[in-house]
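Read the structure below first, then the notes.
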Amino acid sequence: MQQGVEIFLEGLLSQVEPTMRDLQGMTEDMGPQLREFAETMGPALAEIMRDIKDLNAYHAPEVLPNGDIIMRRKSEEEMAPPPPLAEGEIEL
C-alpha cells in the first residue's frame with residue numbers, strides 16, 4: 001500500500017512540476033512590477049481604505065464606459081441584517 005501511495009505521489013508531482021516552474025518564472029517576472037505598484041499606489045490605497053472603513057457598505061466596483069471606476073454605497077435597506085429565518089426554513 002505504501003508503495004502504491006509513493007507511485008501515486010511521484011506521478012502527481014511529475015504532473016505538477018512544469019506548472020510550478022511556470023508560476024515561479026511568472027512571479028520572478030512580475031516581482032519588480034508588483035513592488036513598484038505597491039510603492040506607488042500603497043499610500044493612495046491606504047488613504048482610500050481610511051475613508052471607506054468597511055467594504056461591506058459598498059457594492060462591487062463598476063467600470064464605466066469612459067474608464068472611470070465607481071463604488072456605490074449600499075442603501076440602509078441593503079445594509080440591514082436579513083430577517084430571522086422561520087422555524088424549519090433553510091437559508092439559500
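Values quoted throughout were computed directly from the atomic coordinates according to the rules given, and no laboratory measurement underlies them. Because the structure is predicted, anything quoted here is derived from the model rather than measured. No Cβ is skipped: glycine too gets one built from the backbone with ideal geometry, and neighbour counts run over all protein chains shown.
Table for the structure above
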| read-out | value |
| --- | --- |
| Length-normalised contact order for the chain - Cα pairs under 8 Å, 6+ apart - percent | 13 |
| Rounded if a/c under 1.5, otherwise prolate or oblate - the range 2-78, Cα gyration tensor axes | prolate |
| Pair residue 15, residue 35: separation of 7 Å Cα→Cβ label points (nm) | 3.6 |
